[in-house]
Amino acid sequence: MADSPDAPFIAANQAQWDERAALHLESTFYDVDGWLRNERGPKSWEVQALGDVTGLRLLHLQCHFGLDTLAWARAGATVTGLDFSPVAIAAAADIASGPD
Ligand SMILES: C[S@@+](CC[C@H](N)C(=O)[O-])C[C@H]1O[C@@H](n2cnc3c(N)ncnc32)[C@H](O)[C@@H]1O
């Protein structure tokens, strides 16, 4: 991929997502502390759409720092989140480990 003519654009995109992940972690929009405290699962319309996910395996592409991914884990799915931002994935692992 490093030899691809797209490589500089991919690197620039990833760098801005790394930066955004750090900003989003502190934002009231994502409200990570509240999410950890409130044990929020998937939204009601999402549950209505997918039904009972207990025991199902879920692959979430572009998972950011995993709030939606982990919400499905709370609903009983076995989840895997993928993202190209190492900042987002490190935060997802931290959030998955629960409140400090
Ligand atoms: C808008 S955020 C996802 C938001 C998430 N669904 C949520 O509600 O929190 C987009 C995510 O896609 C990731 N992303 C963007 N382009 C990507 C690519 N080409 N490959 C993998 N991940 C990518 C970014 O790092 C970012 O975490």
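Couple of notes before you dig in:
- Fraction of the pair-distance distribution of the chain above 19 Å, Cα-Cα pairs, percent: 48
- Rounded to the nearest whole Hz, the Karplus-based 3J(HN,Hα) values (6.51 cos²θ - 1.76 cosθ + 1.60, θ = phi - 60°) of region 81-88 follow the sequence x, 10, 7, 8, 8, x, 5, 5, with x at glycine and proline.
- Potential extension, Phe84-Val47 segment - 0.36 nm per residue separation minus Cα distance: 10.6 nm
- The chain: calculated mean residue ellipticity at 222 nm from DSSP helix runs of at least 4, using -39500 (n - 2.57): -15500 deg cm²/dmol
- Note: relative contact order over the chain, using C-alpha pairs below 8 Å and six or more positions apart, is 28 percent.
- Dipole magnitude (debye, nearest 20) for the chain, charges at Cβ of Lys, Arg, Asp, Glu: 360
- Each of Phe9, Gly55, Ala92 was scored by the projection of its Cα onto the charge dipole of region 7-97, and the greatest displacement toward the positive side belongs to Gly55; charges sit on the C-beta of Lys, Arg, Asp and Glu.
- Neighbourhood charge, 12 Å Cβ-Cβ cut-off, centred on Pro99 and excluding it, Lys, Arg +1 and Asp, Glu -1: -3
- Spatially, region 83-100 and region 36-71 are offset by 16 Å when compared through their Cα centroids.
FYI, it's all coordinate maths here, none of it is from the lab. Everything numeric in this text was worked out from a predicted model, so none of it was measured. Cβ: placed from backbone, ideal geometry, glycine included. Neighbour counts: every protein chain shown.
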